[in-house]
Amino acid sequence: MAGGAYHRVLLKLSGESFADPEAGFGIDPRIINSLAEQLSEVTRELGIQVAVVVGGGNIFRGTSSQAHGMDRARADYMGMLATMINSLALQDALENRDVPTRVQSAIQMTQVAEPYIPRKAVRHLEKGRIVIFAAGMGTPYFSTDTTAAQRALEVGADAILKATKVDGVYDADPTTNPNAVKFSELTYLDVLQRGLGVMDATAISLCMENKLPIIVFNLQVPGNIRRALLGEPIGTVVHG
């Protein structure tokens, strides 16, 4: 391994993590710059290879109330385009810090991103570049959670880091239930059987079949990406 517990990881970011917490939408430059700074530090100092999958919920989500009455496939494609906006914003923040970054899109957008080619993505990672996977799976009816699991397996990641707004997985919503109990570890079957909102069922099943661990942690605590990569006991680990 390099300087941490993993050699190569996939970081899953929700679109909402880019937004101003009060507004709940759009891109907050302070947040995206903080995220870029953390990624810059871990790639340079720890030498860990990092791929990223970004959601688009801060702009448009195909399954949200925004899309009420729309054709589901068309709404999902709009959500994929939203992920591209977030991906380009993150790329810009990283390259402003001299971190070489490539955006690969599952939908052809050759003027702004490379097409998604797994072997080329691996080559970028081996050269120390951060690779951001945009536009989901390129087809409707698949979430960016499923995309994260699929891409992580295709590029040979050791783990998925699932960044959230809370410090792990609870048996109830900790923001509304003060008695919610946090889990330090869970099995994939625990997540599926108890309906815990770690990732969707398709993503969890993919990880379970391929023994790919998921680390759920709070992105809003500065330095948590580094702690997760070092294998420190933060958040919740989902494994076999």
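The values are calculated or read from the model by the stated rules, or taken from the named source; none is laboratory data. Everything numeric in this text was worked out from a predicted model, so none of it was measured. In this analysis, Cβ positions are derived from the backbone assuming ideal geometry, glycine residues included, and neighbour counts consider all displayed protein chains. Quick note on the areas: whole protein, heavy atoms, side chains included, nothing else; ligands and nucleic acids left out. Shrake-Rupley method; radii C 1.70, N 1.55, O 1.52, S 1.80 Å.
List, in order, the whole-Hz ³J(HN,Hα) value for each residue of the range 14-25 obtained from phi through the Karplus relation with A = 6.51, B = -1.76, C = 1.60 and θ = phi - 60°; use x for Gly and Pro.
Values per residue, Gly and Pro as x: 6, x, 4, 5, 8, 8, 4, x, 6, 6, x, 8 Hz.
Ratio to report: Rg/Rh of the range 54-122, with Cα atoms as the point set and Rh obtained by the Kirkwood method; give two decimals.
Using Cα coordinates only, the ratio equals 1.05.
In whole percent, and with a 1.4 Å probe on the protein chains, what portion of the accessible area of the range 1-146 is carbon and sulfur?
Within the range 1-146, the accessible surface is 51 percent carbon and sulfur.
Roughly speaking, what is the stretch gain from L230 to R72, that is 0.36 nm per residue apart minus the C-alpha to C-alpha distance, in nm to one decimal?
52.8 nm
Compute the FRET efficiency between D171 and E45 as 1/(1 + (r/R0)^6), taking r as their Cβ-Cβ distance and R0 = 25 Å, and round to the nearest 0.05.
After rounding, the FRET efficiency stands at 0.10.
Decide, for the chain, between rounded, prolate and oblate: order the square roots of the alpha carbon gyration tensor eigenvalues as a ≥ b ≥ c, take rounded if a/c falls under 1.5, and otherwise choose prolate if a/b is larger than b/c, else oblate.
Cα axes put the chain in the rounded bin.
So which trypsin sites (Lys or Arg not before Pro) in the range 74-177 end up in coil per DSSP with only 16 or fewer other C-beta atoms within 10 Å?
R97, K127, K165
Around I132, which amide H atoms from residues at least 5 apart in sequence, or from another chain, sit under 5 Å from its own amide H, with H modelled in the peptide plane?
Here the answer is V52, R102, V103, Q104, since their amide H atoms fall under 5 Å of that of I132.
For n ≥ 4 DSSP H runs only, could you compute -39500 (n - 2.57) per run for the chain, divide by its residues and tell me the 222 nm figure to the nearest 500?
-10500 deg cm²/dmol
How many times 2.2 N^0.38 Å is the alpha carbon radius of gyration of the range 114-240?
1.10
From Cα pairs below 8 angstrom and at least 6 apart in sequence, can you work out the relative contact order of the chain, rounded to a whole percent?
Taking the mean separation of contacting Cα pairs over the length of the chain, I get 22 percent.
Apply the a/c threshold of 1.5 to the C-alpha gyration tensor of the range 1-53 and tell me whether it is rounded, prolate or oblate.
Prolate.
Only bridges with both residues in the chain count here: give the DSSP antiparallel percent, nearest 5.
15
Distance in nm between label sites at K127 and T202, each 7 Å beyond Cα in the beta-carbon direction?
Label-label distance for K127 and T202, simple model: 3.2 nm.
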